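**Student:** Please see the structure below; I have some questions.
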Amino acid sequence: MEIKNFIGGRWADKQKLQTMPVMNPANGEQLGTVPLSTKVEVDEAVQQAKNAQKEWALTPAPKRADYLYEIAFKLKEKKEHLAQTLTREMGKVIEEARGEVQEGIDMALYMAAEGRRLFGETVPSELANKFAMSVRAPIGVVGLITPWNFPIAIATWKAFPALVAGNTFIWKPSNETPFMAYEMAKIFEEVGLPKGVANIVFGTGPTIGTAMVEHPDIRVISFTGSTSTGSKVAELGGRHLKKISLEMGGKNAVIVMEDADIELAVEGILWSAFGTAGQRCTACSRVIVHKDVKEVLQQKLLAATTTLTIGDGLDPATKVGPVINRAALEKINHYVQLGRQEGATLLTGGRILSEAPFDKGFYFEPTIFTDVHAEMIIAQEEIFGPVISIIEVADLDEAIEVNNSVKFGLSSSIFSQDVNTIFKAQARLDTGIVYVNAGTTGAEIHLPFGGTKGTGNGHRDSGQAALDVYTEWKSIYVDYSGKLQRAQIDT
Ligand code: UN1
């Protein structure tokens with residue numbers, strides 16, 4: 001199937017663009033092709049978005065929100081089809097794919113309700129007979145650049161707050177997962193979203209991502225992806241004085257204290273480390289364990305890991321699906337080799353699965369390293385695959401120090417039954433998300449999503465915080481005294 005750009009409400013039919021194949025990572029089957037657009041298509045999309053934005057900004061927010069409700073209903077109606085398509089293009093297991101589509105539905109409903117809120121402030125003026133308030137104003141045309149690991153959920157975190165706030169957008173999805181964007185475009189068309197409000201352009205980062213970041217009429221870029229690309233986006237965007245919202249890497253840890261419920265900790269680690277084959281920004285890739293429970297945790301974790309069924313995510317028995325492509329497999333393998341060279345002990349896994357039935361897809365065995373030191377490369381850099389490192393610590397202080405010793409700060413977790421330990425930890429873990437007695441994944445859409453340090457640049461996706469990315473604050477003073485009142489003039 002041939003995927004097409006969606007620009008100004010039209011499917012770009014006669015495009016003479018080069019294309020790239022889209023593969024199913026579970027079995028190498030070609031699912032279709034995606035166009036490799038150029039600056040010309042970006043310019044056209046921005047023009048359409050710019051024209052549409054004037055009208056869209058004047059449409060009352062509750063009316064804009066009505067489209068989001070319709071989008072939510074369509075997503076719900078098509079949930080199973082979308083989930084299957086998602087598993088086919090991205091590889092995650094079907095129950096996770098359903099969950100991801102649900103995340104999109106939740107986001108649509110949450111932001112639709114914002115249509116009747118979009119709260120600003122009314123405050124007293126320091127002068128008599130004067131009224132003061134602040135409102136959220138739309139920014140204009142925004143650019144959304146989204147990754148392959150959550151091809152629909154992350155797009156909805158960005159697109160829906162942008163829309164309800166009165167912006168129009170150009171969305172560049174990942175080339176690995178264009179089908180979810182294509183399905184969203186169909187939904188935008190089906191609900192009758194005004195032409196030009198939502199535009200989708202497919203292509204590579206260097207070509208069309210750069211064209212978006214440099215385009216003078218795109219005022220905001222919201223990017224989720226790698227730290228190296230994100231810093232280029234920030235650098236280039238900074239030169240053009242754009243608002244750049246970045247969501248990048250993680251090196252998330254689960255801390256297991258000596259009083260933890262070990263069975264629960266094992267379940268939490270297993271799910272957050274090997275779910276989505278470790279390809280979540282929030283995935284657990286370090287286990288920081290108190291020395292008194294290291295042996296028992298390690299044994300139970302090992303036993304549980306060896307029972308995980310690896311395979312095509314469409315098979316409901318599968319617990320760990322493929323990774324996205326050959327390059328990802330090689331990157332993971334490289335880190336595993338590095339871990340061995342650094343002197344970590346390989347407890348289980350560590351192999352690319354290349355025998356049938358895995359030979360046509362991209363499968364990596366769930367892998368556990370132990371006796372890892374916090375400063376080893378495998379304990380510092382993002383691997384983005386099913387690999388964890390167990391690090392032993394003596395106490396809570398050391399656990400927190402190790403957790404905070406990485407350059408990222410997305411998610412962290414602590415398993416303990418002691419309220420003092422838990423509260424001390426949540427205050428000192430320097431991540432944007434902290435879980436207590438749960439793994440590092442599973443953020444809910446109505447809370448801010450994002451991280452500190454190298455994970456981001458101070459912005460947040462989802463929750464109320466997302467509105468800050470897509471709005472400008474406008475302060476309005478209404479003087480009804482009938483005379484000139486001068487503020488800050490001391491007589
Ligand atoms: C991501 O990996 O970039 O919190 C997003 C979670 C999901 C979203 C992950 N709700 O694990």
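The values are calculated or read from the model by the stated rules, or taken from the named source; none is laboratory data. Every value quoted in this text rests on a predicted model; they were computed, and no experiment measured them. Cβ placement follows ideal geometry from the backbone for every residue including glycine, while neighbour counts extend to all protein chains displayed.
**Student:** Among the residues of segment 82-104 satisfying the criterion of being of a type in the set (Asp, Glu) and touching a helix residue (DSSP H, G or I) at 6+ places or on another chain (Cβ under 7 Å), which is farthest from the ligand (Cβ to nearest atom)?
**Tutor:** Glu89
Every residue, every condition in (1) within 16 Å of the ligand (Cβ to nearest atom); (2) polar (S, T, N, Q), yes or no:
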{"site": "Ser413", "(1), (2)": "yes, yes"}
{"site": "Gln417", "(1), (2)": "no, yes"}
{"site": "Thr421", "(1), (2)": "no, yes"}
{"site": "Lys424", "(1), (2)": "no, no"}
{"site": "Ala427", "(1), (2)": "no, no"}
{"site": "Ala438", "(1), (2)": "yes, no"}
{"site": "Gly454", "(1), (2)": "yes, no"}
{"site": "Asn457", "(1), (2)": "yes, yes"}
{"site": "Arg460", "(1), (2)": "yes, no"}
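**Student:** Take the residues in segment 127-148 that are of a type in the set (A, V, I, L, M) and buried (at least 22 other Cβ atoms within 10 Å of the Cβ); name whichever of them is farthest from Val213 (Cα to Cα).
**Tutor:** So the residue we want is Val141.
**Student:** Considering (1) surrounded by fewer than 24 Cβ atoms within 10 Å (Cβ to Cβ); (2) aliphatic (A, V, I, L, M); (3) under 12 Å from Asn252 (Cβ atoms); (4) within 12 Å of the ligand (Cβ to nearest atom), say which one Leu447 fails and leave the rest.
**Tutor:** (3)
**Student:** Within segment 210-227, track down each residue that is under 22 Å from Leu410 (Cβ atoms) and more than 16 Å from the ligand (Cβ to nearest atom).
**Tutor:** Val220, Ile221
**Student:** Name the single residue, out of those in segment 415-438 being over 26 Å from Ser226 (Cα atoms) and touching a residue at least 40 places away in the same chain (Cβ under 8 Å), that is nearest to the chain's Cα centre (by Cα).
**Tutor:** Across segment 415-438, the extreme among qualifying residues is Asn437.
**Student:** If you don't mind, there's one more thing I want to ask. Within segment 373-407, work out how many residues are buried (at least 23 other Cβ atoms within 10 Å of the Cβ), touching a Lys or Arg at 6+ places or on another chain (Cβ under 8 Å) and of a type in the set (A, V, I, L, M, F, W, C).
**Tutor:** Of the residues in segment 373-407, 7 are buried (at least 23 other Cβ atoms within 10 Å of the Cβ), touching a Lys or Arg at 6+ places or on another chain (Cβ under 8 Å) and of a type in the set (A, V, I, L, M, F, W, C).
**Student:** I'm trying to understand the selection: among the residues of segment 149-180, which are under 17 Å from the mean Cα position of the chain (by Cα) and in a strand (DSSP E or B)?
**Tutor:** Trp171, Lys172
**Student:** Might you check whether a residue that is at pLDDT 95 or above and within 23 Å of Gly249 (Cβ to Cβ) occurs anywhere in segment 304-316?
**Tutor:** No, that holds for no residue.
**Student:** Would you mind telling me which numbered condition in (1) part of a loop (DSSP other than H, G, I, E, B); (2) surrounded by fewer than 18 Cβ atoms within 10 Å (Cβ to Cβ) Thr282 fails?
**Tutor:** Only one criterion in (1) part of a loop (DSSP other than H, G, I, E, B); (2) surrounded by fewer than 18 Cβ atoms within 10 Å (Cβ to Cβ) is unmet by Thr282, namely (2).
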